[in-house]
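Undergrad: One structure, pasted below without further comment.
Since every read-out is calculated from the coordinates, none of them should be taken as a lab result. Everything quoted here is computed from the prediction, not taken from an experiment. Cβ: placed from backbone, ideal geometry, glycine included. Neighbour counts: every protein chain shown.
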């Protein structure tokens, strides 16, 4: 696929079904992810891949987290429990924050954000689709321990992966002049 065409036409997809990428295809996705900008070559980005039966493990993690932190919100607990089954594969986006005098934590998290975009573009280039989700299950100081990760890890979100079901969202037209000031 032409790179510029992929950049301009990639879109998130809520309706994902099998098949999901093979290991060989995912190896290309992760190689693409690890080409994201990475100041001082700290390699902060990590990825946890859940598919098939392991989606039940992710569901259990989400449910336990929701029960422990949102015990009064039964609707959210049920939503969290069902969330992993929205797609046949889920990639957990993790940043391992490392102490460095020139690279603050936010820059390391931005590197993982760039890696996430590369994942979505690599999926699209291979004919797959995905969507990056955050919400209450990400971007907090508590969720990482449910994945047995150390305190220096941050969960930045989840990329749901599969094959687009139906037509999906249209790529909106954008007037770039609303977003660019030229000097």
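Undergrad: State whether region 3-178 is rounded, prolate or oblate according to the following rule on the C-alpha gyration tensor (a ≥ b ≥ c being the square roots of its eigenvalues): a/c under 1.5 gives rounded; otherwise a/b larger than b/c gives prolate, and the remaining case gives oblate. All intermediate terms of the calculation are to be shown ahead of the outcome.
TA: Values: a/c = 1.58, a/b = 1.09, b/c = 1.46.
Since a/c reaches 1.5 but b/c is at least a/b, the shape of region 3-178 is classed as oblate.
Undergrad: Between residue 54 and residue 24, with labels modelled 7 Å along Cα→Cβ, what's the label distance in nm to one decimal, could you check?
TA: 2.0 nm
Undergrad: Among 151-159, 98-106, 74-82, what's the highest-first ranking by average C-beta atoms within 10 angstrom per residue?
TA: Working: 151-159: 19.6, 98-106: 11.7, 74-82: 15.6.
The peptides rank, most packed first, as 151-159, 74-82, 98-106.
Undergrad: Contact order normalised by length for the chain, with contacts defined as Cα pairs under 8 Å and 6 or more residues apart; what percent is it?
TA: Averaging sequence separation for qualifying contacts and normalising by length gives 34 percent for the chain.
Undergrad: If you take the beta carbon distance between residue 174 and residue 152 as r and set R0 to 41 Å, what does 1/(1 + (r/R0)^6) give as a FRET efficiency, to the nearest 0.05?
TA: Using R0 = 41 Å, I get an efficiency of 0.65.
Undergrad: Sticking with this one: Take the alpha-carbon centre of region 128-182, take the same for region 78-112, and report the distance between them in whole Å.
TA: Going from one Cα centre to the other spans 9 Å.
Undergrad: What does the extension gain come out to for residue 114 and residue 4, with contour length at 0.36 nm per residue minus their alpha carbon separation? Numbers along the way, then the final one.
TA: Working: separation 110, 0.36 × 110 = 39.60 nm, distance 1.67 nm.
Result: 37.9 nm gained on full extension.
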